[in-house]
Each structure stands twice: as C-alpha cells, then as structure tokens.
Amino acid sequence: MAVVGGVLATPGTGRAGEPDDGDGVPVPEPILAETITDVDGSEAGEIELEANGSLMRAARGGAFAADSSLEMEWLVTRLLGLRVEPTLSRDGDGSSAGTQAGVSGGASWKLLQDFQRQLHVQAEVVGRAPWDESPIIQPGDPALPVAFDVRAALRRGPLTMRGSAGVGFGGSAVGAPLRASAALMAPFEETGRIGYWGVELDVDGARRTPLLVALDLVPNFAPAGIPLRLGLALPWSIGAPDDRPSLGLFLRVFYESAREIAFAAPRSRE
C-alpha cells in the first residue's frame with residue numbers, strides 16, 4: 001500500500017529511461033500477487049509460460065482445495081499485456097468432493113517504467129468464469145469475478161518492495177470489496193542470478209477470511225542452462241476456521257522469457 005501510495009503521488013506517467021539505464025536485474029515478483037506480464041518488461045512480443053498447482057488443507061475435518069492451471073502472459077506492445085489461464089479445481093469437505101473447470105484472464109497497461117529510479121507501475125483488470133463464487137479461485141486470486149488493481153514495484157539496493165491496491169466487482173462480497181497486497185523480496189546472493197525469496201501479504205475484504213500471508217522461495221535454474229524458474233509459496237489464511245482450508249503449498253514452474261534467460265546466463269555477467 002505504501003509503495004502504491006508513493007507512486008500515485010509521483011508527478012508524471014510514462015516511460016523514463018531505457019532498460020539498460022538500470023542494472024539489468026529483473027524485478028523480483030511475488031508468487032501469489034503476481035502481475036500480468038512483468039512490470040519491467042519492455043519488449044513487445046515477450047512471452048512467459050507458467051504451470052501452477054496449489055493445495056490448501058483444513059486443520060481438522062479433511063476439507064481441502066486443490067487447483068492446477070496453465071498460464072500464458074504476452075506483452076502485446078510495450079505498454080499492453082494480456083494473460084489467459086485455464087484452471088481445473090477439486091475441492092472437498094471431508095465427506096465428498098467435486099471437480100470444476102474454469103478460465104481467468106486479464107489485461108495490464110504500464111503507467112510508469114523508470115529504469116533509472118527502478119520504479120514501475122501498471123494498472124490491471126482481471127476476470128473469471130464461472131462468474132459466481134467458484135472453487136477455481138487459487139490463493140491470492142480476487143474473491144470477486146472482476147477486479148481492478150494498480151500495482152507497483154520499487155527496488156532499493158538488494159530489496160524490492162511490491163504493493164497493490166484495488167477493488168472487486170460482481171458477485172457477493174462478505175465485506176468491503178477492497179483489495180491490497182504488499183511484498184518484500186531479496187535475492188539469494190548479490191547478483192540475483194540464482195533467484196530470490198520474500199514474504200507477501202494479500203488482503204481481500206470480499207473473502208470470508210480476508211488476510212493471507214505467504215513465504216516465497218524462487219530458485220532460478222537458467223544459470224545451469226535450464227530455462228526454468230521454480231516458485232514455491234507457503235500460504236496461510238489467517239483466521240480461517242479449523243474446518244476450512246487454511247494452510248497449504250503453491251508451486252509454480254516458469255518457462256523464462258528471453259530477457260530473463262539472457263540475464264541469468266553466465267556469459268551475460270562476464
């Protein structure tokens with residue numbers, strides 16, 4: 001929230017500096033509150049592919065929520081990004097279980113990319129089908145079927161701060177349909193080539209239990225010649241009843257964009 005608030009108070013929008021004006025290190029991204037295309041992506045045509053899986057379990061009673069999805073992000077122009085994500089979900093209450101399929105997608109528009117100050121801001125709109133309350137919702141997804149968010153990233157030294165603020169629409173909200181997230185990320189080592197870790201917080205007033213926290217670990221295998229990153233998150237829905245899914249594991253496999261592969265390759269740091 002503080003990152004977003006500070007950005008909105010910054011005069012002017014648009015593109016400030018070219019990508020090589022900074023240090024070339026891709027901006028770390030939280031697992032659950034990810035953006036539609038990278039906030040620092042600047043080349044039209046950039047594509048990133050992801051496979052996701054999550055499992056949340058209740059402390060007692062056997063209830064669970066399991067989800068899997070395939071995701072494609074495409075930077076159509078230097079400013080416009082698109083995402084599509086078909087999802088398969090299986091949920092149970094301890095005595096019975098059901099399976100449901102759905103799809104979500106969204107678009108982003110880059111409001112500010114300042115590679116010199118390492119400050120990036122973009123606006124996003126996301127939506128899903130089925131429209132009603134759906135088990136295809138993964139940890140960190142909007143509780144309501146449509147959401148609008150402003151997302152920002154600011155890097156200072158080895159630390160990256162991520163934040164967002166937004167609002168949900170449609171469906172039935174438990175509380176105020178306001179959303180926000182915050183994350184603090186740091187590299188495993190000084191170059192940032194082998195990955196990063198961090199802690200993220202996601203709040204959605206439309207959920208039965210609004211507060212979600214997660215520890216993120218994101219090792220990068222590109223330095224070993226494998227163009228993949230592995231994202232591991234351990235989400236906890238704070239305040240959830242013992243008989244509802246509240247603790248879990250979120251796994252994401254990224255197929256890196258050409259920009260990220262070039263950064264992580266050993267020859268790029270010689």
Within region 51-101, residues being β-branched (Val, Ile, Thr) and in a strand (DSSP E or B) number 3
Among the residues of region 133-148, is any more than 30 Å from residue 57 (Cβ to Cβ) and either touching a His at 6+ places or on another chain (Cβ under 8 Å) or among the charged types (D, E, K, R) (or both)? no
Extreme residue, modelled with the lowest pLDDT, among residues of region 74-111 that are among the polar types (S, T, N, Q) and surrounded by fewer than 16 Cβ atoms within 10 Å (Cβ to Cβ): 95
Check whether at least one residue in region 193-202 is in contact with a helix residue (DSSP H, G or I) (Cβ under 6 Å, 6 or more places away or on another chain) and basic (Lys, Arg), and report yes or no. yes
Could you grab me the full set of residues in region 124-172 that are of a type in the set (S, T, N, Q), at pLDDT below 90 and crowded, with 16+ Cβ neighbours inside 10 Å? 134, 138
Scan (1) touching a Gly at 6+ places or on another chain (Cβ under 7 Å); (2) in contact (Cβ under 8 Å) with a residue 60 or more places away in the chain; (3) more than 30 Å from residue 63 (Cα to Cα); (4) not in a loop (DSSP other than H, G, I, E, B) for the single condition residue 155 breaks and write down its number. (1)
Confirm whether residue 204 is at pLDDT 90 or above and loosely packed, with under 15 Cβ neighbours inside 10 Å. no
Could you tell me whether region 116-128 includes any residue that is out of contact with any Ser or Thr (no Cβ under 8 Å at 6 or more places or on another chain), more than 17 Å from residue 206 (Cα to Cα) and not in a loop (DSSP other than H, G, I, E, B)? yes
If residue 200 passes every condition in (1) under 20 Å from residue 234 (Cβ atoms); (2) of a type outside the set (Ser, Thr, Tyr); (3) more than 16 Å from the chain's Cα centre (by Cα) but one, which one does it miss? (3)
Which of the residues that make up region 154-201 are within 20 Å of residue 212 (Cα to Cα) and among the acidic types (Asp, Glu)? 200
Would region 230-252 turn up any residue that is of a type in the set (Lys, Arg), at pLDDT below 95, touching a Pro at 6+ places or on another chain (Cβ under 8 Å) and within 29 Å of residue 57 (Cβ to Cβ)? no
Yes or no: residue 10 hydroxyl-bearing (Ser, Thr, Tyr), outside any strand (DSSP E or B) and modelled with pLDDT of 95 or more? no
Selection count, region 85-128, where residues are without any contact (Cβ under 8 Å) to a residue 60 or more places away in the chain and hydrophobic (A, V, I, L, M, F, W, C): 7
All but one of (1) over 21 Å from residue 30 (Cα atoms); (2) within 16 Å of the chain's Cα centre (by Cα); (3) of a type outside the set (D, E, K, R) hold for residue 138; which doesn't? (1)
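The values are calculated or read from the model by the stated rules, or taken from the named source; none is laboratory data. Just so we're clear, the structure is a prediction, and the values are computed from it rather than from any experiment. We place every Cβ from the backbone using ideal geometry, glycine too, and count neighbours over all the protein chains shown.
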